[in-house]
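What follows is calculated from the coordinates using simple rules that are stated; it is not laboratory data. Being a predicted model, the structure only gives us computed values, none of them experimental. When we count neighbours, we look across all protein chains shown, and the Cβ atoms used for this are built from the backbone with ideal geometry, even at glycine.
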Amino acid sequence: MNPGKGFQKVLQCLFVLIILSGGMTSALLAIEPKEILTRSLEAQFGLDFEGIKKTEFRLPGRSYTTTTRIIRQEPDFTYTTTLAPARLKRLVILDDGKFRIKHIRGSNKFGFFPSLNSPEAKEIKRKSLNLIFINYKISKLLDGYILARPVYVISLIPKHSGNPRRKVWIDKKMYLPLKEEDYNWRGELISSSFYTEIHFDKRFSKEKFYRDFPQRPRKKVFSQERFLSLKDLRRKIRFPVSSAHYLPPSYEFQEAVLFSKERAVKLTYTNGLGVICLFQMPSNIKLRGHLEGAHPLVWEKGGRTFLLMADISRKELIKIKQSVK
Amino acid sequence: MQYSDEELVERYGAGDGESFRMLVERYQDRVYHIVYGIVGNKDEAEDLSQEVFLRVYRFLHRFKGKSRFYTWLYRLTVNVCLSARRKRKNEPGKIFSLADSSKYGDDPGEIELADESFSPLKVLQNREMAETIKSAINSLSEVLKSTFVLREFEELSYEELTRVFQCSKGTIKSRLSRAREQLRRKIEPYLNGTV
Amino acid sequence: MSCKKWKKKLSSYLDNEVSSRERSKIEKHLKSCRACFNQFKQLERVHRLVQSIQPEKPRPGFYERLSERLCQKKTTLREKLVAWRYGWQLSFPGVGKIAIAVSAVLLVSVSFYIWRSATSYEVNIKVFEEEYFRSQQMNSFVGELALPVFFEIE
């Protein structure tokens, strides 16, 4: 018997064991990308933090960058001030879960919008996430760091071509998305947002934020109504509503919005990430001006003007247009 | 890729801002030339040409595509010029610039007053002749002048002119005939031996 | 037909905007009438001279100046509104103000109602673009931004 050979065997066994156990623990500890996204949705509504966020929006031939300071208090309070560009510096947005009040500091201008922290808003976001689970291939890329914090990097690739994709960086500890990049179906970066500063667990007394805002607005006039179903909408307006009967694969109705003093309607359809907006209004509303970036389809039919906007192929846009009735 | 006017109008209607710029750049020289022909003054021509395109910007959605885009544009151009002239007529002190042939007759002294800002024409060999012609055109009444300018400068057919001015072919014929006859008489002394 | 009538037709003949029958008639007359022939030749010369005028062109940068004026137009309207409000504060004492305000509101609301149902009004197309961006942001994970593009409180 060769003692050297026996030792080698033991070593081999040990090696295999180590590999096996290592693989098993990492498999046990690894968290599914879907689970990360689900937790991140909860984190968006369930954290206290203060951060500075930079967002860049790109359109053909131009881009917009804004920097905002955000104070978030769970479950439904946000206070946002704009740091740049200079012309928006006086813009303040307070969202308390019921109203989203926009205000230009130093003026008497207030705009009331439905809250984006409300249960209805959260429900819309949850539905979108479920659609993402169906319509996107979700994969975890190599982990990274944002602001010296370890993050998961998740990539969302559409199962049907012709749709936008996303890359998102999610804080490993708090599950808050710290950065995201959206690319359109042509592969061009269309928007990116990321935190340049973040401080978790910061508590504020909310009262001080209300100083600039009317305590109890005498009449809560919404500039828009959101999160409506088609049925809700039909009850609220006097003109008939048409909807799209053809949608590109993977798209579903998301919400109806009533705006512009209840004269215009927006129906949105989504695959979880991309959106298709169908606007309609009585034809006595004329459109003025022009857009430099987006190329909507505009048409008139049956005394109504329609506008269709989406970042999808022209062929698909026309197919949707033809199906509107 | 070269879009037709109508395609550009359609794209503009669909929200494509670039097509407005393309329309302006396509027509700015022609509109300016027409306006200059009617008002005979560079500063005013610049101002009114811009006014024309400001109105295009505001009213393009009303263009229904029943006629060609340029006849619509030229109608707008003529309207801008005529209403500006009308306004100026009512301003005291500026009446002299409107060498209305019916008022001033054919007296060349009055015509001289019609425009003080003629730039020398470089291309035309006979400078004196060019100025005489310009000044003669400028002395026509506004309506005769604009009809004449669109016919001679832009070579619009009679059919197109009826659409621009919304009048009968007979009216166009008679205006052009009158305009040419007045011009001929004014420059008759120079006509023999030239060209 | 007298020469005066023929002369009136010369301009259309020059532009080739006469019927073929008329054309041959005019040509026949021009051959027989020296005065009309001379006049036609002169008209032809006038036409050629006018054609030889070099077209005037605008100074370079026409579109840029135009865009500036497009922007200015918007501000002047806003300035007018501000000026109007300022003037209103100065020119009427309290009670008069209320009376005027009440009748103005009545008048405005009635006419607005009629106007709204009968006539058309304009909406800036950018409002729709902004709405489109809002919908895009509904699906964002990092959260919505303070819409930078055309913020208006509506």
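What is the diffusion coefficient of chain A in µm²/s, taking the Kirkwood radius over Cα pairs and the Stokes-Einstein relation at 4 °C with a viscosity of 1.567 mPa s?
Once the numbers are plugged in, D ends up at 57 µm²/s.
Under the rule of -39500 (n - 2.57) per DSSP H run of 4 or more residues, summed and divided by the residues of chain A, what mean residue ellipticity at 222 nm is obtained, to the nearest 500 deg cm²/dmol?
Value at 222 nm, helices only, nearest 500: -7500 deg cm²/dmol.
Can you give the Rg to Rh ratio of region B:1-84, both from alpha-carbon atoms, with Rh computed by the Kirkwood formula?
0.97
Where the centre of each part is set by its Cα atoms, how far does region A:305-321 sit from region B:38-59, in angstrom?
36 Å
Counting only other chains, and only Cβ atoms inside 10 Å, what mean value do you get across the residues of A:124-135?
Details: counts 2, 4, 0, 0, 4, 2, 0, 1, 2, 0, 0, 0.
The per-residue average across the peptide is 1.
Could you pull the Rg and Dmax for region A:69-155, using just the Cα atoms, both in Å?
Here Rg and the maximum Cα pair distance are 17.2, 50 Å.
May I ask for the angle, rounded to the nearest 10°, between helix A:33-45 and the longest principal axis of chain A, with both axes built from Cα atoms and the value confined to 0 to 90°?
50 degrees
For the pair A:Lys206 and A:Leu142, how long in nm is the line joining their label points, each one 7 Å along Cα→Cβ?
4.4 nm
Give the long-range amide H neighbours of A:Asn271: residues separated by 5 or more places, or on another chain, with amide H under 5 Å away, using H modelled in the peptide plane at 1.01 Å from N.
For A:Asn271, the qualifying residues are A:Glu252.
For peptide A:275-288, what's the mean number of Cβ atoms from other chains within 10 Å of each residue's Cβ?
Going residue by residue through A:275-288 and averaging, the value is 5.
Could you tell me what % of all Cα pairs in region C:3-51 have separations over 12 Å?
62 percent
Rank A:Glu50, A:Glu180, A:Glu197 by mean-square fluctuation in a GNM of chain A with C-alpha springs under 10 angstrom and give only the top-ranked residue.
A:Glu197
For peptide B:7-19, compute the average count of partner chain beta-carbon atoms within 10 Å of each residue's beta-carbon.
Per residue, the average neighbour count from other chains is 5.
If neighbour count is taken as other Cβ atoms inside 10 Å, put A:Arg211, B:Arg58, B:Arg85, A:Arg87 in order from fewest to most.
Working: A:Arg211 7, B:Arg58 14, B:Arg85 19, A:Arg87 10.
In order of increasing Cβ crowding within 10 Å: A:Arg211, A:Arg87, B:Arg58, B:Arg85.
Explain nothing, just the number: relative contact order of chain A, from Cα pairs under 8 Å at least 6 residues apart, as a whole percent. Could you put the intermediate results ahead of the total?
Details: 596 pairs, mean separation 43.9, N = 325.
Answer for chain A is 14 percent.
Taking the C-alpha atoms of region A:224-323, how large are the radius of gyration and the largest Cα-Cα span, Dmax, in Å?
When restricted to Cα atoms, region A:224-323 yields Rg and Dmax of 13.0, 35 Å.
Could you give me the ³J(HN,Hα) list for region C:23-38, computed from phi with Karplus coefficients 6.51, -1.76, 1.60 and θ = phi - 60°, whole Hz, x at Gly and Pro?
4, 5, 5, 5, 4, 5, 5, 4, 5, 9, 10, 5, 4, 5, 4, 4
Placing unit charges on C-beta atoms (Lys and Arg positive, Asp and Glu negative, everything else neutral), compute the dipole magnitude of region A:33-212 about its Cα centre in debye, rounded to 20.
Rounded to the nearest 20 debye, it is 420 debye.
Neighbouring Cβ atoms within 10 Å as the yardstick, rank C:Lys57, A:Lys208 fewest first.
Sorted ascending by nearby Cβ count, the order is A:Lys208, C:Lys57.
For region C:23-72, just the Cα atoms, rotate onto the principal axes and tell me the three extents in Å, largest first.
The Cα atoms of region C:23-72 stretch 63, 19, 13 Å along the principal axes, largest first.
Return the ratio Rg/(2.2 N^0.38 Å) for region A:33-212, where Rg is computed over Cα atoms only.
1.07
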